[in-house]
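Remarks on the structure that follows.
The values are calculated or read from the model by the stated rules, or taken from the named source; none is laboratory data. Keep in mind the model is a prediction, meaning the values are calculated, not measured. Counting neighbours? That spans all protein chains shown, and the Cβs are built from the backbone with ideal geometry, glycine included.
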């Protein structure tokens, strides 16, 4: 007979390992290539020694002359706080009782809940990977028409907070009820009064609390991992415009990153517009594009043996060149359930006949060589 206790045991012993594997390898092609490690985690922070430049203590000389002056590699310390990622599973008391006499029905119930969690994670983790850590989804461009500058980060059902043009919270916990991806028009369950151009939408409660995504590498101002980007130029990733896309333009970016920073570009992420531009270029010369399969079962286009992966969360008209060996997801632990003092993971929601189990992961993404990554923008 299925009970609340047996439901907890199943979630802990049977499903946790499978869910962890899926969240780490199946939600996004880029995430599946990033190493996940518990190293360099100190309390609630990640502190990592990052080197730049080369060892200067080399040189040629006379047979009886002076030896080269020693000059070790320069190190700086990257510091960032562990970000808190959560995922929730909700099961009603009625559903548990309805499946009490059928283990198969109960398995279907848990599978359905975990699939919903996986689908939500595909959206949110993918969005955070290419974001800048701010949680910014979009900005209002036409208050009367309810239009925003981009809808790539939005989906129906997403709960958002709205901040005004002074960066002050205007409305919190409102739901996205409609998204028109063609016109960039959206509807919310409640619009702030006197909404203006420049009002911004963030994921509920997440402003400036998300993992430090790829987008943070391409800002030339502010700080990255606690260091000022204007003072330390090696923190700035390369960025070039490419209104016309062809193999030469792409190869120049690969060569530039390899020559200047010793990068080995092994992953190219692109928006839909950039993917179509590449396909049109190849089609114009009647050339086939090779296909490869990545870890996790993803099939993708290639450029000179490098996977060329479309991702909806890459800003429109951009192509991002990455050396994934420089990217690491530092974590306090892998996905775990929040537990009460007596080890329970299913908790009744106050005033409701439902139970919730919460998965949590404390982590952040760090790039060892920010200057070794690059992008092409304005691709038409």
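The table below lists the values:
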read-out	value
Total residues in region 208-238, condition under 19 Å from the mean Cα position of the chain (by Cα), surrounded by fewer than 17 Cβ atoms within 10 Å (Cβ to Cβ) and either free of Cβ contacts under 8 Å to residues at least 24 places away in the same chain or more than 24 Å from residue 270 (Cα to Cα) (or both)	3
Set 260, 345, 289: member being surrounded by 15 or more Cβ atoms within 10 Å (Cβ to Cβ) and in contact (Cβ under 8 Å) with a residue 12 or more places away in the chain	345
When residues of region 292-305 are limited to those that are touching a residue at least 24 places away in the same chain (Cβ under 8 Å) and surrounded by 11 or more Cβ atoms within 10 Å (Cβ to Cβ), the one farthest from residue 182 (Cα to Cα)	304
Condition met for residue 122 (modelled with pLDDT under 90, loosely packed, with under 11 Cβ neighbours inside 10 Å and assigned to a helix (DSSP H, G or I))	no
Unmet criterion (only one of (1) out of contact with any strand residue (DSSP E or B) (no Cβ under 8 Å at 6 or more places or on another chain); (2) at pLDDT below 75; (3) under 29 Å from residue 369 (Cα atoms)) for residue 52	(1)
Leading residue by the ranking (surrounded by the most Cβ atoms within 10 Å (Cβ to Cβ)) among those in region 75-92 that are more than 27 Å from residue 337 (Cα to Cα) and at pLDDT 90 or above	78
From 365, 359, 308, residue being under 30 Å from residue 248 (Cβ atoms), crowded, with 20+ Cβ neighbours inside 10 Å and touching a helix residue (DSSP H, G or I) at 6+ places or on another chain (Cβ under 9 Å)	308
Residue under evaluation residue 322, criteria (1) surrounded by 15 or more Cβ atoms within 10 Å (Cβ to Cβ); (2) modelled with pLDDT under 95, criterion not met	(2)
